[in-house]
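Asks: Have a look at this one.
The values are calculated or read from the model by the stated rules, or taken from the named source; none is laboratory data. What you see is a predicted model, and the numbers here were worked out from it, not measured in a lab. Heads up, the Cβs are rebuilt from the backbone with ideal geometry, glycines too, and the neighbour counts pull from every protein chain shown.
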Amino acid sequence: MGQKPPPKDRESMTVAALEDEIHRHNRLYFEDNAPVISDEDFDRLVRRLRKIKPDSPILHEIPSDTKTSIKGFKKIRREVPMLSLDKCYSEKELYQWAEKFEGDVMGSPKIDGSAVELRYDEKGHLSLAATRGEGIEGEEITENVKRIADIPQKIPPHPPLPKGGQFPCSYPPFSKGGEGGLEIRGEIYMRLSVFRTFDQDFANPRNLAAGALKQKDPDMTKKYHLSFFGYDVLGVDLQTEGDKKALLERLGIPTVPMEVVQKKEMQKFYEKLLTQRETYDFETDGIVFKAFEIKEQGRLGMTAHHPRYAIAYKFQGDSGTTRVKDVEWSVSRTQVITPVCIVEPVRLSGASVSRASLHNVGLMRQHGLRIGSQVMMVRRGGVIPYLESVIEEGRGAPMTLPEKCPSCGAPTEVRDDFLYCTNKENCFGTRIGVLEHFVKAMEIDGFGRKLLERLYETGLVKDPADFYRLKSEDLLDLERMGETLATKLIGNIRARRRLPADQFLRALGIRELAQHASRLLIQHFHTLDRLMEATEGEIAALHSLGEVIAREVVSGLRAKKGLIARLRRSITLIGQQVSQEKKGPLAGLKVCFTGTLGALSRPAAQKKVEEAGGEAVNTITQDLAYLVIGKQGGGGSKLSKAQALQKKGASLQILDEDRFWGLLKG
Ligand code: IVH
């Protein structure tokens with residue numbers, strides 16, 4: 001892989017380097033679904049090659065039709081551009097902005113996704129969906145968007161909506177002949193809970209969602225489980241942002257959580273959302289405020305880039321600059337060696353950050369990192385530390401790739417943007433990664449990395465099947481291991497002898513087989529035995545899986561045939577049942593306990609919840625069903641977060657312990 005020059009050097013790239021670079025990004029985009037540069041940067045590379053070598057064969061890999069974009073999507077033009085938002089970073093700037101208009105504001109979290117517009121025809125059918133693109137010109141992605149469950153393909157027949165009126169509510173929604181239709185704008189994003197189910201190292205949910213949305217095969221989009229929030233309706237005469245929200249809800253469009261806020265309360269609203277942010281299942285980097293009255297919006301108008309009636313008030317403290325001290329290399333269960341950047345500690349979103357994954361060596365090279373480089377670090381959505389950009393490269397030593405695996409010393413090799421350990425069988429880091437993945441996926445509690453390392457070193461557990469041969473006496477020889485703990489650990493393993501086939505499948509650690517694909521495969525083939533007989537063709541034909549996954553599944557199952565047989569001597573797979581289909585009064589519901597419980601210990605209470613088909617969780621999220629308050633000390637931050645969510649309309653219930661157990665019995 002050729003070293004990728006920083007953007008400033010692109011002008012001086014040779015033709016061959018440019019061709020290599022375009023070919024590489026094409027592959028990363030279309031085959032690996034893991035683009036590492038933006039569409040705009042990619043377009044720039046292609047434009048440059050077209051200029052200096054118009055007959056380059058590489059250009060045939062890229063659609064050249066002027067009505068389609070570089071990646072083959074048809075371009076559409078819109079009459080009302082999709083603009084970006086003006087930003088502010090201080091209370092003072094925010095209040096200066098609000099002085100310009102009368103009335104209240106509508107406040108909502110700014111969603112970190114991709115802006116899209118949806119057009120519904122007069123009969124309510126989704127007739128077109130397009131990206132924002134450069135504002136006026138976007139790309140048509142209708143078929144891909146039709147695979148997003150949140151987006152209705154048909155909206156209920158709406159009574160003739162009053163049209164006309166003044167800007168901005170009367171813009172002609174369709175170029176020509178779209179009378180009676182509606183245009184909805186909003187953000188497509190990936191939920192954090194979905195993002196976490198992807199095993200591969202994607203930098204962040206926004207990039208993954210953007211890549212998922214622009215798949216050549218629309219069925220591929222479906223497998224990413226994207227979500228949608230609407231925030232704007234065009235083509236109807238409405239009085240307020242509140243009317244828009246009500247209309248969107250009536251049409252069955254999920255709306256971004258929004259609230260009417262008095263101008264003087266804007267800072268307070270900001271602080272409230274700042275604390276609520278960790279409960280959201282999406283990334284947000286600030287708050288969007290809009291003038292509430294549409295009349296006022298029309299009076300303020302817009303610049304070429306942004307409307308004057310809206311502003312994004314960014315969360316502060318999420319980003320900061322620091323210096324790179326070193327790079328560490330971490331080996332994963334898939335033999336990928338990932339660079340982790342060590343920086344001088346910097347405070348971001350209230351926590352000290354001293355390391356951030358660089359995800360892959362391609363990204364590391366793209367940044368052109370050196371020891372001592374000054375970098376901008378961000379906690380995306382206030383959570384995941386991320387190296388955003390290099391501010392000053394500096395003159396320190398450039399970062400080099402290790403020629404030997406830092407864990408086992410075997411030679412390394414670079415394939416595309418990833419560095420691999422070539423020792424397939426017994427690299428220590430890889431083996432520990434496999435065991436760690438297994439216990440996590442099987443939900444066997446108590447086996448942290450340190451313990452797994454000790455078990456591996458002593459030869460007690462070399463592969464996942466060895467867990468089921470362990471006896472508590474074996475564990476007693478380990479340092480700091482008492483009888484109680486040993487018995488408990490063995491009990492935890494025994495408790496996971498009967499489990500749904502899809503969970504078992506995922507625990508095997510076959511590449512590409514994360515939660516969703518495993519579930520789908522068992523739902524289709526019913527049993528593991530039947531799946532093990534399936535051909536690549538049969539698997540690839542499944543909706544939303546593809547050839548890459550099919551190949552990995554077939555070869556992975558073949559390679560792990562021995563391990564599967566050994567594991568199945570101790571494990572019973574629950575027939576055709578998949579992990580999702582839990583039965584019982586709490587089936588599919590999440591329950592969180594807070595404070596000290598009177599009736600039962602916390603683990604016993606959590607077990608009861610699981611026996612009733614529910615999921616015991618420790619964080620307050622919007623999809624939580626019950627927060628159960630213990631007899632003592634249950635009024636802390638969990639309670640206030642849950643109350644805040646309730647106010648916003650979440651359907652979660654807050655119950656004391658007695659009422660909860662009563663409910664369960666009833
Ligand atoms: S209101 C300019 N509300 O952020 C139109 N936009 O960076 C303002 N966005 O293009 C629309 N969350 O796609 C609005 N809660 C929210 C939003 C939001 C994200 C997007 C929007 C805009 C981009 C600007």
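Asks: How many residues are in contact with a Pro (Cβ under 8 Å, 6 or more places away or on another chain) and not β-branched (Val, Ile, Thr) if we restrict to segment 250-281? Explain how you work it out, then say what you get.
Replies: Step one: of segment 250-281, the residues in contact with a Pro (Cβ under 8 Å, 6 or more places away or on another chain) are 250-253, 256-257, 273, 277, 280.
Keeping just the survivors that are not β-branched (Val, Ile, Thr) gives 250-252, 257, 273, 277, 280.
Of the residues in that region, 7 qualify.
Asks: With the requirement that a residue be assigned to a helix (DSSP H, G or I) and surrounded by fewer than 21 Cβ atoms within 10 Å (Cβ to Cβ), what does segment 534-549 give you? First the steps, then the outcome.
Replies: Of all residues in segment 534-549, those assigned to a helix (DSSP H, G or I) come to 536-540, 547-549.
If the condition is that a residue be assigned to a helix (DSSP H, G or I) and surrounded by fewer than 21 Cβ atoms within 10 Å (Cβ to Cβ), then Glu536, Gly537, Glu538, Ala540, Glu547, Val548 are the ones that fit.
Asks: Identify the residue in segment 283-308 that is among the acidic types (Asp, Glu) and away from the ligand (no atom under 11 Å from the Cβ) and, among all such residues, is surrounded by the fewest Cβ atoms within 10 Å (Cβ to Cβ). Lay out the reasoning, then the answer.
Replies: Within segment 283-308, the subset among the acidic types (Asp, Glu) is 283, 285, 293, 296.
Applying the additional criterion that residues be away from the ligand (no atom under 11 Å from the Cβ) yields 293, 296.
On the way: Glu293: 20, Glu296: 18.
Across segment 283-308, the extreme among qualifying residues is Glu296.
Asks: Of the residues Thr430, Thr412, which is of a type in the set (S, T, N, Q), in a strand (DSSP E or B) and in contact (Cβ under 8 Å) with a residue 12 or more places away in the chain? Steps first, please.
Replies: On the way: Thr430 fails: in a strand (DSSP E or B).
After ruling out the rest, the residue left standing is Thr412.
Asks: Does Phe269 qualify as being of a type outside the set (D, E, K, R) and within 15 Å of the ligand (Cβ to nearest atom)? Steps first, answer last, please.
Replies: Values: of a type outside the set (D, E, K, R): yes; within 15 Å of the ligand (Cβ to nearest atom): yes.
Yes.
Asks: Can you find a residue that is within 25 Å of Asp219 (Cβ to Cβ), more than 25 Å from the chain's Cα centre (by Cα) and crowded, with 18+ Cβ neighbours inside 10 Å anywhere in segment 462-481?
Replies: First, the residues of segment 462-481 that are within 25 Å of Asp219 (Cβ to Cβ): none.
No, every residue in segment 462-481 fails to be within 25 Å of Asp219 (Cβ to Cβ), more than 25 Å from the chain's Cα centre (by Cα) and crowded, with 18+ Cβ neighbours inside 10 Å.
Asks: Right, another one. Quick check: anything in segment 309-316 crowded, with 17+ Cβ neighbours inside 10 Å, within 14 Å of the ligand (Cβ to nearest atom) and of a type in the set (Val, Ile, Thr)?
Replies: yes
Asks: May I ask you to list the residues in segment 104-134 that are small (Gly, Ala, Ser) and within 28 Å of the chain's Cα centre (by Cα)? Write out each step before concluding.
Replies: So the first thing to find is which residues in segment 104-134 are small (Gly, Ala, Ser), and the list is 107-108, 113-115, 124, 127, 129-130, 133.
Across segment 104-134, the qualifying residues are Gly107, Ser108, Gly113, Ser114, Ala115, Ser127, Ala129, Ala130, Gly133.
Asks: Does Phe438 satisfy the condition of being assigned to a helix (DSSP H, G or I) and among the aromatic types (Phe, Trp, Tyr)? If you could, list the steps in order and put the result at the bottom.
Replies: Working: assigned to a helix (DSSP H, G or I): yes; among the aromatic types (Phe, Trp, Tyr): yes.
Judged against the criteria, Phe438 is a match.
Asks: Now for a different question. With a cut-off of at least 3 residues that are at pLDDT 90 or above and hydrophobic (A, V, I, L, M, F, W, C), name the strands (runs of 3 or more DSSP E) lying wholly within segment 296-408. So that I can check it myself, show each step before the final result.
Replies: Details: elements: 310-314, 319-331, 336-348, 351-357, 374-380, 384-392.
Those strands (runs of 3 or more DSSP E) span 310-314, 319-331, 336-348.
Asks: Which of the following residues is farther than 25 Å from Lys488 by Cβ, modelled with pLDDT of 80 or more and assigned to a helix (DSSP H, G or I): Ala644, Ala604, Ala625? Quick ask: steps written out before the conclusion?
Replies: Working: Ala604 fails: farther than 25 Å from Lys488 by Cβ; Ala625 fails: assigned to a helix (DSSP H, G or I).
None of the other options fit; the residue is Ala644.
Asks: Continuing with the same structure: Picking from Leu83, Leu118, Leu94, which residue would you name as being crowded, with 19+ Cβ neighbours inside 10 Å, outside any strand (DSSP E or B) and of a type outside the set (Lys, Arg)? Outline the logic, then answer.
Replies: Details: Leu83 fails: crowded, with 19+ Cβ neighbours inside 10 Å; Leu118 fails: outside any strand (DSSP E or B).
Only one candidate qualifies: Leu94.
Asks: What are the pairs with Cβ atoms under 7 angstrom where one residue, in segment 186-197, is of a type in the set (Val, Ile, Thr) and surrounded by 21 or more Cβ atoms within 10 Å (Cβ to Cβ) and the other, located anywhere, is part of a helix (DSSP H, G or I) and at pLDDT 85 or above? Sequence gap at least six, or different chains.
Replies: Listed by first residue and then by second, the contacts come to Ile188/Ala209; Ile188/Leu213.
Asks: I need every pair where a residue in segment 385-403 that is farther than 13 Å from Val324 by Cβ has its Cβ under 8 Å from the Cβ of a residue that is assigned to a loop (DSSP other than H, G, I, E, B) and polar (S, T, N, Q), sequence separation at least 6 or different chains.
Replies: Here the result reads Tyr386/Asn204, each pair linking segment 385-403 to a residue that is assigned to a loop (DSSP other than H, G, I, E, B) and polar (S, T, N, Q).
Asks: For segment 477-533, which fully contained helices (runs of 4 or more DSSP H) count at least 2 residues that are free of Cβ contacts under 8 Å to residues at least 24 places away in the same chain and either out of contact with any Gly (no Cβ under 9 Å at 6 or more places or on another chain) or not small (Gly, Ala, Ser) (or both)?
Replies: Numbers: elements: 483-494, 501-507, 515-525, 528-533.
Those helices (runs of 4 or more DSSP H) span 483-494, 515-525, 528-533.
Asks: Further, regarding this structure: Within segment 99-115, does at least one residue satisfy the condition of being without any contact (Cβ under 8 Å) to a residue 60 or more places away in the chain, more than 16 Å from the ligand (Cβ to nearest atom) and not in a loop (DSSP other than H, G, I, E, B)? Show your work before the answer.
Replies: We begin by selecting, within segment 99-115, every residue without any contact (Cβ under 8 Å) to a residue 60 or more places away in the chain; these are 99.
Next cut, more than 16 Å from the ligand (Cβ to nearest atom) only: 99.
From what is left, the residues that are not in a loop (DSSP other than H, G, I, E, B) are none.
No - not one qualifying residue is present in segment 99-115.
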